[in-house]
1. At 0.36 nm per residue, minus the direct Cα-Cα distance, what do residue 103 and residue 9 gain on full extension? Give it in nm, one decimal, please.
2. Among (1) 49, 36, 23; (2) 64, 40, 33; (3) 49, 33, 27, which is the computed Cα extents along the principal axes in Å?
3. Given the options 86, 56, 106, which has the most mean-square fluctuation in a GNM of the chain, springs set between C-alpha atoms less than 10 angstrom apart?
4. Just 71, 39, 108 to compare: in a GNM of the chain, with alpha carbon springs under 10 Å, which one fluctuates most?
5. Looking at the square roots a ≥ b ≥ c of the eigenvalues of the Cα gyration tensor of segment 74-123, which shape do they give, rounded for a/c under 1.5, prolate if a/b is larger than b/c, or oblate?
6. With springs connecting C-alpha atoms under 10 Å apart, model the chain as a Gaussian network and identify which of 74, 88, 32 has the largest mean-square fluctuation.
7. With n ≥ 4 as the cut-off for DSSP H runs, can you work out [θ] at 222 nm for the chain, using -39500 (n - 2.57) per run divided by the number of residues, rounded to the nearest 500?
C-alpha cells in the first residue's frame, strides 16, 4: 500500500470528520441532521450515478466532464457513505470488513478446490 494511502481506520475517521461538517450545515439549513433513511437515499443516488459513469467510461453514455475522474470521486464517496452508515448503525466496519473478506476468501478457495478439473489442489 502506498505510504500516502490511509488505512481503513484512518479513512473511517476522516469520513466521520467530514460527516460531522455536513451535520453542522444540515442543522443550520434543515433544523436537523439527516436520518438513516435520508443517508441511504443519498448513497443509493450515488451508486446509481456510478452506473451511468461506467456507461460513459465505456463510451455509451455522454456526460460533461471526465468519466474516469468522476468515477474516482464517486467510488471514493461510496466508501464515505459506507463508513457513515456503519457508524450510524453502530457497526465496527473495520472488523466487519476483515471478517467478510476472510469468509469470502475461504468460500472461494473451497469452490476453487472443489471445482479443480485436474483433481489436484492449486496453490
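Nothing in this text is a laboratory measurement; each read-out follows from the coordinates by a stated rule. Since this is a predicted model, take the numbers as computed values, not measurements.
1. 31.8 nm
2. Given (1) 49, 36, 23; (2) 64, 40, 33; (3) 49, 33, 27, the calculated one carries the label (2).
3. 106
4. Comparing 71, 39, 108 in a Gaussian network model of the chain, the most mobile one is 108.
5. It is prolate, given that a/c is not under 1.5 and a/b is the larger ratio.
6. Top of the fluctuation ranking is 32.
7. One gets -25500 deg cm²/dmol as the mean residue ellipticity at 222 nm.
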